[in-house]
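Below: the structure, in structure tokens.
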Amino acid sequence: MTHPRRRLVIVVRADPVICGHSGEARNLAEVALTRGFDDVVLLTWPIPALQAAGLPLKPLDRLLPYSAGITVERPEPVGDYRVPDGRHLAGLTGRLVELLAEPVPTTCLSMYLVPHTTVVTDAVTAARAAGFAPNVHTIAKAVGSDVTNVIRSCLREGRFGAATVLFTTFLANDEVVAVSEYTREEIIASAEQVDAHSGTRFAEQCRRRVTVSYPPIDSAAFLDPDPAQVDAALARRGLERDGYILFLSRVARAKGIYDLLIAFGQMRCRSRVKLVVAGTGPALEHVRAMAKEDDRVIFLTDVDDQEKPLLMRGCAAYTLPTKPEPDFVETFGIALAEKMLSGGGPIITTTTGGTLEAVGDTAVVVEPGDIAGLAATVDRVVLDMSAAERRDLELRARARALSFDRAEVFDSLFPRETPADGVR
């Protein structure tokens, strides 16, 4: 039997989930094929499980294909209804054990500590205990909601045992990575709280070991979209260039959609531009009901990856007024970096979390939750900003966003020959 020479396994919520980290997984997988990996496996969830979870999903009939050499595996659950959640975890972990049993040098990257990093550490432990001696190197990447949702919930509710499990699982990997500097600092701050309560020593390990790896973006998919394709996409939607403000993100309170909708009702520029809300999410139906009497607000729930840069390029302004909520804080803002590459109207965002790590000084910034300030800022950008200032912001934003190109991020995260040290 012929085995691959080198394998990369990414355990993640992959497509069709609308999530920047599913895009991260795709981009890292594609670059891996050009960096000596001849087998790349995305280990993810069955689509019915994703649908049942209520996650926002892309149109299934318009998912972009992966290159040859990349396999998306969706293991079926193990057991029956009496093991409700563990069935799927057993399927993921069991399949990873099968891959580790093969004599193939393997790198395992997990995104989301809960539950994907647990899958990796459990699989490596099981493979070793079974005597397979896997040649494996593990990397755990803490994404935003790992900290702003899961770990913070543990601390807020006094569930220090659960927090201890999270940190020990994270630190059990050969490499531990955060999606932004903001996320890294939040990890350390949370570890300090656990240490103070439980007498553990997680914070010192996190300070020493956690590095930052920004989200990898396929720059080529966003740079210089064909003007004819932009015009055609806008015509299909009944839009015109510079004739709309774009919100393209998960439709959720933490993304600032309520603030934006209220602010749009106060804007002077609403007579000139429409508000396009592109995406799905938990707040979609409520926001739709709020805007049902406003014919200047358009909802698009079926935007695919090919149409996204076209809508970004044609807008008068792109607005993501994200704000901190108990269950989520924006830790980077992948959509911001994608918009920076696409060009078009200026970006308007807030100082929440790690957004400034994405945009630097290339966006117009407002304070989170300042609805009047948001309305005034959008009016200034749409009605008063000169063409020269808009062009300057566009060019500087593009130059900055190129540092997040997937090849550059991949090479910093995966050295050409990663040693297979195994889980510590």
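The values are calculated or read from the model by the stated rules, or taken from the named source; none is laboratory data. None of the values given here were measured: they were computed from a predicted structure. Glycine gets a Cβ as well: all are built from the backbone with ideal geometry, and neighbour counts include every protein chain shown. Ligands, DNA and RNA are stripped out before the accessible areas are found, and what is left, the full protein with its side chains, is counted by its heavy atoms. Shrake-Rupley method; radii C 1.70, N 1.55, O 1.52, S 1.80 Å.
Quick look at the values:
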quantity	calculated
Residue in the range 317-324 that is of a type in the set (A, V, I, L, M) and under 21 Å from ALA388 (Cα atoms) present	yes
Test: residue in the range 327-338 that is surrounded by fewer than 22 Cβ atoms within 10 Å (Cβ to Cβ) and at pLDDT below 95	yes
Subset of the range 55-72 [open to solvent by 40 Å² or more (accessible area, probe 1.4 Å) and either modelled with pLDDT of 95 or more or part of a loop (DSSP other than H, G, I, E, B) (or both)]	LEU55, LEU63, LEU64, PRO65, TYR66, SER67, ALA68, THR71, VAL72
Selected residue [touching a Lys or Arg at 6+ places or on another chain (Cβ under 9 Å) and of a type outside the set (S, T, N, Q)] from GLU204, GLU175, GLU157	GLU175
Checking PRO282 against (1) in contact with a Gly (Cβ under 9 Å, 6 or more places away or on another chain); (2) under 19 Å from PHE264 (Cα atoms), the condition it does not meet	(2)
Qualifying residue in the range 82-93 (condition: in a loop (DSSP other than H, G, I, E, B), basic (Lys, Arg) and out of contact with any Asp or Glu (no Cβ under 8 Å at 6 or more places or on another chain))	yes
Test: residue in the range 384-398 that is in contact with a Cys (Cβ under 8 Å, 6 or more places away or on another chain), part of a helix (DSSP H, G or I) and of a type in the set (Asp, Glu)	no
Any hit, the range 75-96, residues being in contact with a helix residue (DSSP H, G or I) (Cβ under 6 Å, 6 or more places away or on another chain), in contact (Cβ under 8 Å) with a residue 24 or more places away in the chain and open to solvent by less than 10 Å² (accessible area, probe 1.4 Å)	yes
Criterion: closer than 17 Å to ILE257 by Cβ and without any contact (Cβ under 8 Å) to a residue 24 or more places away in the chain - qualifying residue of GLY333, GLY369, GLY353, GLY373	GLY373
Residues that are of a type in the set (Ser, Thr, Tyr) and touching a helix residue (DSSP H, G or I) at 6+ places or on another chain (Cβ under 6 Å), drawn from the range 173-199	SER180, THR183, SER190, SER198
Scope the range 357-397; condition in contact with a helix residue (DSSP H, G or I) (Cβ under 7 Å, 6 or more places away or on another chain), under 18 Å from GLY265 (Cα atoms) and not hydrophobic (A, V, I, L, M, F, W, C); matching residues	GLY369, ASP379
Top-ranked residue in the range 1-30 [being open to solvent by 10 Å² or more (accessible area, probe 1.4 Å) and hydrophobic (A, V, I, L, M, F, W, C); ranked as farthest from the chain's Cα centre (by Cα)]	MET1
Single residue of the range 140-175 satisfying the filter (among the acidic types (Asp, Glu) and over 20 Å from the mean Cα position of the chain (by Cα)) that is least open to solvent (accessible area, probe 1.4 Å)	ASP174
Qualifying residue in the range 363-375 (condition: under 18 Å from the mean Cα position of the chain (by Cα) and closer than 19 Å to LEU393 by Cα)	no
Tally of residues being assigned to a helix (DSSP H, G or I), touching a helix residue (DSSP H, G or I) at 6+ places or on another chain (Cβ under 8 Å) and open to solvent by 20 Å² or more (accessible area, probe 1.4 Å) across the range 213-224	1
Selection count where residues are touching a strand residue (DSSP E or B) at 6+ places or on another chain (Cβ under 7 Å) and either open to solvent by less than 30 Å² (accessible area, probe 1.4 Å) or at pLDDT below 95 (or both), scope the range 31-50	9
Single unsatisfied condition, PRO324 versus (1) in contact with a Pro (Cβ under 8 Å, 6 or more places away or on another chain); (2) modelled with pLDDT of 95 or more; (3) more than 12 Å from LEU248 (Cβ to Cβ); (4) of a type outside the set (Val, Ile, Thr)	(2)
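Residue-wise test of (1) over 19 Å from GLY20 (Cβ atoms); (2) in contact (Cβ under 8 Å) with a residue 60 or more places away in the chain; (3) open to solvent by 50 Å² or more (accessible area, probe 1.4 Å).
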{"site": "LEU99", "(1), (2), (3)": "yes, yes, no"}
{"site": "THR138", "(1), (2), (3)": "yes, yes, no"}
{"site": "VAL177", "(1), (2), (3)": "no, yes, no"}
{"site": "ALA189", "(1), (2), (3)": "yes, no, no"}
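Residue by residue, here is whether (1) touching a helix residue (DSSP H, G or I) at 6+ places or on another chain (Cβ under 7 Å); (2) small (Gly, Ala, Ser); (3) over 17 Å from VAL378 (Cα atoms) holds:
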{"site": "LEU311", "(1), (2), (3)": "yes, no, yes"}
{"site": "GLY314", "(1), (2), (3)": "yes, yes, no"}
{"site": "LEU320", "(1), (2), (3)": "yes, no, no"}
{"site": "PHE332", "(1), (2), (3)": "yes, no, yes"}
{"site": "ALA337", "(1), (2), (3)": "yes, yes, yes"}
{"site": "THR351", "(1), (2), (3)": "no, no, no"}
{"site": "THR355", "(1), (2), (3)": "yes, no, yes"}
